[in-house]
Amino acid sequence: MEFTIRPASRGDELGVVAAVKTVYDEYGFTWDPEDYHADLYDLEAHFGNGAAILFVAEDGGGILGCAGLETFPTVEGPVGEVVHGSPLPRIAGTDCEFLRLYVQPTARRRGLGAALVEHVLQEAVQRGCSRMEIWTDKRFVDAHRLYQRYGARIVGERICDDPDVSPEWGMILEL
Ligand SMILES: CC(C)(COP(=O)(O)OP(=O)(O)OC[C@H]1O[C@@H](n2cnc3c(N)ncnc32)[C@H](O)[C@@H]1OP(=O)(O)O)[C@@H](O)C(=O)NCCC(=O)NCCS
């Protein structure tokens, strides 16, 4: 299957929401348009501000998946240690975060996930970032393998503030 990857822009909301919600339905997770998923309904506000970017993977039929990056001042503390953050624990020494990696079930195992990861890592390097944090639901074992293939390692855990209070692994990736 041919696919392309590009930065998301205004107008992609419906496609992005449909792709991500399919994955939430697959796992039986709670969809929360008002809060936890509000960023996907207003891409311009959340990913058009210079500090964050969302990439989408698509083919002729529409959006199949996405992945994002957010940059920020380096989290203070000993590198790789999980430290107190507001509202959630963070990983010290990181200056960017990998966000919202999802590929629709019917489009998997064709390289979209890897291509999305590579776009996000390349973007982070271009922006001068040095260490990335990745918080990933403990049930997303396929994603853990993918991240580890690019050098990410688990350094801690936390409970997310999503509606399902999901247990997450915290990973760090040296860029
Ligand atoms: C994790 C996820 C994004 C991976 O997406 P994907 O598009 O399937 O990723 P890829 O195709 O790049 O790689 C998946 C596997 O297919 C394999 N693969 C890639 N192209 C292939 C091809 N042409 N033929 C056969 N296998 C292939 C990869 O080697 C990889 O193998 P692995 O199972 O040994 O790790 C997807 O499974 C997903 O959305 N999962 C649910 C949500 C999730 O976990 N999100 C993470 C949030 S932190």
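Could you work out the relative contact order of the range 4-110? I mean the mean sequence separation of Cα pairs under 8 Å and 6+ apart, divided by the number of residues, in percent.
27 percent
Applying a 10 Å radius around every beta-carbon, put 166-173, 124-131 in order of their mean neighbour count, most first.
166-173, 124-131
Which angle between 0 and 90 degrees, to the nearest 10, do you get for helix 112-126 versus the longest principal axis of the chain when only C-alpha atoms count?
Relative to the chain, helix 112-126 is tipped by roughly 50 degrees.
Can you give me the angle between helix 13-27 and the longest principal axis of the chain, using Cα atoms only, in degrees from 0 to 90, rounded to the nearest 10?
Taking the Cα atoms of the chain, the angle to 13-27 is about 70 degrees.
Output the lone cysteines of the chain: those with no second cysteine's C-beta under 4.7 Å from their C-beta.
That list is Cys66, Cys160.
What's the whole-number percent of alpha carbon pairs in the chain lying beyond 30 angstrom?
Every Cα pair in the chain considered, those over 30 Å come to 10 percent.
After finding the eigenvalues of the alpha carbon gyration tensor for the range 94-175, what semi-axes result from the square roots of 5 times each, listed largest first in whole Å?
Ellipsoid half-lengths, sorted descending, are 19, 18, 11 Å.
None of the figures in this text is laboratory data; all of them are computed from the coordinates on show. Note that this is a predicted model, so its numbers are computed, not measured. Positions of Cβ are generated from backbone atoms using ideal geometry, with glycine treated the same way; all protein chains shown enter the neighbour counts.
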